[in-house]
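Have a look at the structure below before the remarks.
The values are calculated or read from the model by the stated rules, or taken from the named source; none is laboratory data. All figures in this text were calculated on a predicted structure; none of them were measured in a lab. Here the Cβ is made from the backbone with ideal geometry for all residues, glycine too, and neighbour counts use every protein chain on show. Quick note on the areas: whole protein, heavy atoms, side chains included, nothing else; ligands and nucleic acids left out. Shrake-Rupley method; radii C 1.70, N 1.55, O 1.52, S 1.80 Å.
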Amino acid sequence: MRRASRGAAAALALGLFAAGCGGTGAGGSSGDGDTVTVAIPSDPNDLNPMTTLTSFAVMMNRFSYDALINVRSDGRIVSGVAEKWTADANSATFTLRRDVTCANGARLSAADVAAQYNYIVDPANKSPLYGLMVPPGVTATADDVANTVTLKASLPTPFLIRSTSMLRLVCPSSLKDSGKLARTSDGTGPYLLSEVVAGDHFTFVKRPGYTWGPDGVDNTGSPDRVVFKVVGNESTRTNLLLGGQLDIASVMGPDRGRLSAAGVKAVIERDPMGMLIFNEAPNRVTADVRVRRALLSALDLKQIGAVATGGKGMAPLRLGITMSPPCTEDSVTGNLPPHDVAQAAALMREAGWKKVGGRWSKDGKQLSISMPYPAVFGTQLVSAVELAVKQWQSFGAKVSTQPTTASTNASVLMGGQWEVAWAPLSVTTPDQAIPFFSGAKPPDGLNFGSLDNPEYQRLVGEAMAKPDTTGCPEWTAAESELIKRGDVVTFVDSMTPYFVRGYSFELDGGGVVPSSLHKVGGR
């Protein structure tokens, strides 16, 4: 089964979520009543919705591009470009609104939408969205007279309707030349990307006449301009917000205390933060399940998670699922290995390792592990990584780290020169995680940890045969199997605060919902 290509892998796996959001005034100050600024932790390099999977880029693209349907934070499915839909076990039909237009005024037709789905599915195009934004085995047909698009799946696709909320629809004028969309936009969304200053800011301007937002809302009360500003330092964001020079800032670290003390309100989003994925390639020491379990038991995951989130995190209930998961059962609690250094040592000895001079060795080689981690997440995560390194070194391992950025994470993870990666995965449905935890390895697939868990695969096969949430018991058991075998562990979720002055907005797991962004308080 073909899955998404290597360029997409770590962008999603690294989960560069909106923990970096905040803003400074670029392209207009926050005090002019017309522009709202939102910061991002770094330049996403590529805003092309046909290729990018970095989550803050995906959030930005929501301002210029729509989806067939939308999923609310409470899990409800509401309209988007499609005003109604029907589904059975293997297909879904969407009736499009007839007033949806691209920024150039051209009407978006059913044939246009079908063409994008079929472009992504075509193996010749090697789309990174295939298997993630578009489920495997899906083909699209259009009836322009009825204004309908029908998606048919040749493989079990339990979350077919929900999956359409992920794909941002590109207008036909750019479908086959989407490379230009790295720094421009061509969609039906409420805003148009009007200015890009690389490494500094991105300005979006409001489109007139937009009336097809989630559940039929328009953009009448939205700001005229939205500016995304590259601001990597949390203390800088905090100072600018307190000084009245920005509107919205997400601050995860110690500076959040200053904002709370100043009475600045925050909207909270729950995001995966602490997740370790092991490299089980045959040439890696972590191919041995006993070594994986030993390394996990040597860590105090609760303490490390507290450091990563400043003591404000929550114990995760699912493996990499963002807000409003379709399956709500707990797959994590009771399956994480306890912190037990003696048990860890026993596992190492069972695997044939001996401790000499305070270091574990086998066949003349010391236990040596390398760990990439997303440095862009800030100083608290860096401190958590340093704590994990100390605990592993105290246990008897030689440890090196590899800090990654939005531009390097894919090459590092897909390159496979590591033993364990701190790589929080953010997905909206459990089937989206399948290519990361099974199947083809790089360069042919997304399974960068070379995982091969037969029980996980068996349970996934059963879950995939059941529509929507009826397969939740199997999905939950499948996730638990990954954790119990030490393939992947998740140990803390961040409660990401979006501090805001003068505006209100909603969060739905994908960042700020554009249609919900409104000025308040007479500012």
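Remarks
- Count - residues of the stretch 453-493 that are farther than 30 Å from Val285 by Cβ and either among the charged types (D, E, K, R) or open to solvent by less than 10 Å² (accessible area, probe 1.4 Å) (or both): 8
- Restricting the stretch 132-149 to residues that are in contact with a strand residue (DSSP E or B) (Cβ under 6 Å, 6 or more places away or on another chain) and buried (at least 18 other Cβ atoms within 10 Å of the Cβ), the residue that is farthest from Ala463 (Cα to Cα): Asn147
- Looking across the stretch 408-421, the residues that are crowded, with 24+ Cβ neighbours inside 10 Å and under 18 Å from the mean Cα position of the chain (by Cα) come down to Asn409, Ala410, Leu413, Ala421.
- From the list Asp224, Asp247, the lone residue that is closer than 28 Å to Lys206 by Cβ and open to solvent by less than 30 Å² (accessible area, probe 1.4 Å) is Asp247.
- Qualifying residue in the stretch 437-448 (condition: open to solvent by less than 10 Å² (accessible area, probe 1.4 Å), in a loop (DSSP other than H, G, I, E, B), in contact with a Gly (Cβ under 6 Å, 6 or more places away or on another chain) and at pLDDT 95 or above): yes
- Within the stretch 382-412, if we keep just the residues that are at pLDDT below 95 and of a type outside the set (Val, Ile, Thr), the residue that is farthest from Asp43 (Cα to Cα) turns out to be Ser411.
- Restricting attention to the stretch 227-239, the residues that are buried (at least 23 other Cβ atoms within 10 Å of the Cβ) and outside any strand (DSSP E or B) add up to 4.
- Any hit, the stretch 339-351, residues being out of contact with any helix residue (DSSP H, G or I) (no Cβ under 7 Å at 6 or more places or on another chain), open to solvent by 20 Å² or more (accessible area, probe 1.4 Å) and closer than 28 Å to Trp475 by Cα: no
- In the stretch 154-179, the residues that are part of a helix (DSSP H, G or I) and either closer than 22 Å to Val513 by Cβ or touching a residue at least 40 places away in the same chain (Cβ under 8 Å) (or both): Leu160, Ile161, Arg162, Ser163, Pro172, Ser173, Leu175, Ser178, Gly179
- When the stretch 392-407 is filtered for residues that are open to solvent by less than 10 Å² (accessible area, probe 1.4 Å) and either assigned to a helix (DSSP H, G or I) or without any contact (Cβ under 8 Å) to a residue 24 or more places away in the chain (or both), the ones remaining, listed by number, are Trp392, Phe395.
- For the stretch 299-319, the count of residues that are β-branched (Val, Ile, Thr) and assigned to a helix (DSSP H, G or I) is at least one.
- Qualifying residues in the stretch 269-287 (those that are in contact with a Ser or Thr (Cβ under 7 Å, 6 or more places away or on another chain) and aliphatic (A, V, I, L, M)) - the one nearest to Ile483 (Cα to Cα): Met275
- Flag not set for Arg258, criterion: in contact with a Gly (Cβ under 6 Å, 6 or more places away or on another chain) and open to solvent by 40 Å² or more (accessible area, probe 1.4 Å).
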